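Enquirer: Mind having a look at this structure? Questions to follow.
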Amino acid sequence: MRTIIVSLLIAAIVFLLGAATVIYAGLYDIAATTPHWPATSWLLETARTRSITAQAAGIVVPPGLDDPAKVIIGVDHYAAHCAVCHGAPGVPKGDIAQGLYPPPPDLATAAPIYTPAELFWILKHGIKMTGMPAWSDHSDEELWATVGFLEKLQGMSEQDYAGLVMASMAQGGHHHAGTDGHDPAQPNSQDTRSR
């Protein structure tokens, strides 16, 4: 038994020294143009999936995510912040998405694999090492509205998406402000919407 424990300890030390050598020698290519090794992909995917499930477990989903008024708020956020990387019906992914690794998923097919609570957690906290930012400076109401939109995205036609964007524009479009109420895109503007 003692021989087995010593052998496992030696194997672990050799593995850690080997990993440290690969890292410190710069042998692991971190370029976004080079895919991960299969073991790295598995590790990151497993950690991401399990973490999202665990972190979102206690989140209570508010009622009425399918309220058309909320969906319009959600499409407003999506069009302003998400479509550039994830695309939308009739809207291709932007140039920035082409340079990200892993590539941003098409949310029409990826969003349905998550629960609404998981989608909210992803929007609010982002995902490390993916390019997915945290939108924690946006109100929970806006993020839940975006979840409501994502719930409708699968199978949405270009015409339906365009209609929602037009409805959003008719209501004033996107005017997200920072936490101080100042819209950085407008030098002297104040956002008067409640947060």
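The values are calculated or read from the model by the stated rules, or taken from the named source; none is laboratory data. Remember, it's a predicted structure, so these values are computed and weren't measured experimentally. Note that each Cβ is placed from the backbone with ideal geometry, even for glycine, and that neighbours are counted across all protein chains shown.
Enquirer: Condition test on Ala145, is it part of a helix (DSSP H, G or I) and at pLDDT below 95?
Expert: Details: part of a helix (DSSP H, G or I): yes; at pLDDT below 95: no.
So Ala145 fails the test.
Enquirer: Tell me, yes or no, whether segment 7-24 has at least one residue that is outside the structural domain of Phe149 (by TED's automatic domain parsing), aromatic (Phe, Trp, Tyr), surrounded by 11 or more Cβ atoms within 10 Å (Cβ to Cβ) and at pLDDT below 95.
Expert: First, the residues of segment 7-24 that are outside the structural domain of Phe149 (by TED's automatic domain parsing): 7-24.
Pick out the ones that are also aromatic (Phe, Trp, Tyr) and you get 15, 24.
Narrowing the set further to residues that are surrounded by 11 or more Cβ atoms within 10 Å (Cβ to Cβ) leaves none.
For segment 7-24, residues outside the structural domain of Phe149 (by TED's automatic domain parsing), aromatic (Phe, Trp, Tyr), surrounded by 11 or more Cβ atoms within 10 Å (Cβ to Cβ) and at pLDDT below 95: absent.
Enquirer: Return only the number of the condition from (1) at pLDDT 95 or above; (2) closer than 28 Å to Gln154 by Cα that Leu100 does not satisfy.
Expert: Of everything listed in (1) at pLDDT 95 or above; (2) closer than 28 Å to Gln154 by Cα, Leu100 misses just condition (1).
Enquirer: Please verify whether Arg48 is charged (D, E, K, R), out of contact with any Gly (no Cβ under 7 Å at 6 or more places or on another chain) and free of Cβ contacts under 8 Å to residues at least 12 places away in the same chain, treating the condition exactly as stated. Talk me through it step by step, then tell me what you get.
Expert: Working: charged (D, E, K, R): yes; out of contact with any Gly (no Cβ under 7 Å at 6 or more places or on another chain): yes; free of Cβ contacts under 8 Å to residues at least 12 places away in the same chain: no.
Taking the combined requirement at face value, the residue does not satisfy it.
Enquirer: Of the numbered conditions (1) closer than 17 Å to Pro116 by Cα; (2) modelled with pLDDT under 95, Leu44 fails exactly one; give the number of that condition.
Expert: (1)
Enquirer: Looking at segment 158-185, which of the residues that are hydrophobic (A, V, I, L, M, F, W, C) and at pLDDT below 50 is nearest to the chain's Cα centre (by Cα)?
Expert: Kept after step one, since they are hydrophobic (A, V, I, L, M, F, W, C), are these residues of segment 158-185: 162, 164-167, 169-170, 177, 185.
When the remaining residues are screened for being at pLDDT below 50, the result is 177, 185.
Values: Ala177: 20, Ala185: 23 Å.
So the residue we want is Ala177.
Enquirer: While we're on this one: Residue check: is Glu118 in a helix (DSSP H, G or I) and touching a Lys or Arg at 6+ places or on another chain (Cβ under 9 Å)?
Expert: Details: in a helix (DSSP H, G or I): yes; touching a Lys or Arg at 6+ places or on another chain (Cβ under 9 Å): no.
No.
Enquirer: Also, quick follow-up: With the structure loaded, tell me whether Trp135 is part of a helix (DSSP H, G or I) and of a type in the set (Phe, Trp, Tyr) or whether it fails that test.
Expert: Numbers: part of a helix (DSSP H, G or I): no; of a type in the set (Phe, Trp, Tyr): yes.
For Trp135, the condition - part of a helix (DSSP H, G or I) and of a type in the set (Phe, Trp, Tyr) - is not met.
Enquirer: Right, next: Based on what the data block shows, is Asp66 loosely packed, with under 13 Cβ neighbours inside 10 Å and in the same structural domain as Ala110 (by TED's automatic domain parsing)?
Expert: Values: loosely packed, with under 13 Cβ neighbours inside 10 Å: yes; in the same structural domain as Ala110 (by TED's automatic domain parsing): yes.
Yes, satisfied.
Enquirer: Please tell me if Ala88 is surrounded by 18 or more Cβ atoms within 10 Å (Cβ to Cβ), of a type in the set (A, V, I, L, M, F, W, C) and at negative phi.
Expert: Numbers: surrounded by 18 or more Cβ atoms within 10 Å (Cβ to Cβ): yes; of a type in the set (A, V, I, L, M, F, W, C): yes; at negative phi: yes.
Yes.
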